[in-house]
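Every number in this text was worked out from the coordinates using simple rules, so none of it is lab data. Being a predicted model, the structure only gives us computed values, none of them experimental. In this analysis, Cβ positions are derived from the backbone assuming ideal geometry, glycine residues included, and neighbour counts consider all displayed protein chains.
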Amino acid sequence: MAKMMNDAFDGCGIMLALGENQNAQVISMYQSTRGETGVTAQEALIRGIAKDGGLYVPDNIKPIPFLTQGRDHNYRDVMRQVFSVFLADMGTTVIEDLVNKSYPDDRFGTPPVKITPIQSFDLLTLWHGPTFAFKDMALSVLPDLMNKAREALGINTKTIVLTATSGDTGGATLEGFDGDENTETIILYPNQKISPFQERQMCAYQSKKHHVIALKGSFDDCQRVAKKAFETIHPKRIRLTSANSINIGRIIPQIVYYVHAYLRLVDEQRITFNETIDIVVPSGNFGNMLAGYYAFRLGVPIGTFLVASNENDVLTTFFNTGRYDVRRPFHQTISPSMDILISSNLERLLYEASLGDHHMIKRMMAGLATEGWFEADPDMMARLSMFKGVSVSEEETKETIRKVFVEDRVLIDPHTAVGIKALSKAREASWIKHHPLVISTASPYKFSDVVLTSLGEEASDDPLENITRLEHLTHVLADARIKDVLKTYQEPIVLSVDETLQHIKKLVGERDV
């Protein structure tokens, strides 16, 4: 393990041609960050979280061949290659079916992710799916992944997917599992702390199959309730799992973003063969950045991982000081999907940086749970030296939205604006030394009120009216499907923390008799 980690942190390079290596590595087992013995990919998908409270991580990642010059790399081809590494126990036929079913052209377009050149960097737009956020790219395939895993393991019971969301994961989960007859969903979101569009989008799904709860508290409270439910609710004839990025099935599809983006940058001659890039990721729960790190471990040459935070800058503080401390004020911002103080997926990265020392991870997570903080040792931080953190204020976010539109005629959402401004600050600090790729996480029309006010216009309380006004102002048309979301509205179910946990127990218990 130690040698593998040292080799990985020394840097990787892309090799050879996609799909031409007959001896490509596969991930055979997943183990918990806190010491539970290994399970297969299928078992990890179904469980979501390990029995010891840890998160499942792949047991050994090595560089594999991905790239040759002068080839048009198809997104689905890259996905097949990545899935064949991380989901090998599912078999090539199942993987082929998953890829073809999950990414039809009429759902995402071709290609499903797009690169937009903006002056001295590139923007990777990941929000062309049915709920207009980057989560769609993973949650469109997760339901079928879980169904295939159930079939392989001989599980024929109903599954309830319990998911906490800071805005976008909830909508993508509801859409992804909507046609799955074997699955029901319970979605928890922080009441009045997400955009009006995000709330309406989720509440439109409210039904006997989909249960959407507005919790009186923060996203971190939603995560705590969900975790408490997993610890205390043990139904006998129902599977309780998660679609949050604590489930490794959410992370694996996101790895494809970075592998494919790198190949497209080469194909489009934005960079040269084997050139290193820097990536900038607006980060909350850290799953998207973790996927970028796993892509690096596979061989994508990434130099700097720039973690962009809003005013809830716990990640920025950690990567710049080594101290993770949630004993701080919580800020409700205009980039609500990043309003998070407990970034779950950081645990997976810490496990890698500890060289697989699950005892250390257990101590750190226990410190976080009981005292509200932990501190990484110097050796661990040295292994994380390629990660840098930058925080961005509300005014800087608004100004960036305005500046990018005025100078480039590109409309961006507030989360993307945090990433672009963080890149500017990182350049001033001389942290960016290679071609930058900034991740654009959501359609600006999901946050039309914020974008309007950033452009100097007044916004109303009606998201549909704001979308129309923004189109007229900018002449940038919204996806035709985005207005359809707002035609159906249901009032949210608002519950306290204690009421939410009891409601979850009731929803599970009613179906476990």
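Using 0.36 nm per residue and subtracting the Cα-Cα separation, the extra length available between His359 and Ala382 on full extension is 6.3 nm. With the highest mean first, a sort of the peptides 202-213, 183-194, 467-478, 440-451 on other beta-carbon atoms found within 10 angstrom per residue produces 440-451, 183-194, 202-213, 467-478. Computing FRET efficiency as 1/(1 + (r/R0)^6) for Thr370 and His475, where r is the C-beta to C-beta distance and R0 is 45 Å, gives about 0.25.
Among the lysines, select those whose C-alpha is under 22 Å from the C-alpha of Lys398, and discard any that sit fewer than 8 residues away in the same chain. Once the sequence-local lysines are set aside, what remains near Lys398 is Lys193, Lys421, Lys425, Lys446. Report, in deg cm²/dmol and to the nearest 500, the calculated mean residue ellipticity at 222 nm for the chain, where each DSSP H run with n ≥ 4 adds -39500 (n - 2.57) and the sum is divided by the residue count. Estimated from H runs of four or more residues: -13000 deg cm²/dmol. Entry note: the stretch 84-183 has Rg to Rh equal to 1.02, where both radii use alpha-carbon atoms and Rh is the Kirkwood radius. Rounded to the nearest 0.05, the FRET efficiency derived from the C-beta distance between Glu428 and Asp267 at R0 = 25 Å is 0.20. Equivalent ellipsoid of the chain: semi-axes from √(5λ) of the C-alpha gyration tensor, largest first, are 29, 29, 24 Å.
Mean separation of Cα pairs under 8 Å and 6 or more residues apart, divided by the residue count, gives the chain a relative contact order of 19 percent.
Under 16 Å Cα to Cα from Lys505, which lysines show up? Leave out anything in the same chain fewer than 8 places away. In chain and number order, the partners are Lys158, Lys208, Lys209, Lys227, Lys228, Lys236. Taken along the Cα-to-beta-carbon direction at a fixed 7 Å, the label points for Arg409 and Ile238 span 5.3 nm. Efficiency by 1/(1 + (r/R0)^6): what FRET value for Gln502 and Lys101, r their Cβ-Cβ distance, R0 = 45 Å, to the nearest 0.05? The pair Gln502/Lys101 has a calculated efficiency of 0.75. Of all aspartates and glutamates in the structure, those lying under 18 Å Cα to Cα from Lys51, and not within fewer than 8 positions of it along the same chain, are Glu36, Glu43, Asp59, Glu231, Glu347, Asp357. Each residue of the stretch 257-265 is assigned a 3J(HN,Hα), and the resulting list reads 3, 7, 5, 5, 4, 4, 5, 5, 4 Hz, derived from the Karplus form 6.51 cos²θ - 1.76 cosθ + 1.60 (θ = phi - 60°), x at Gly and Pro.
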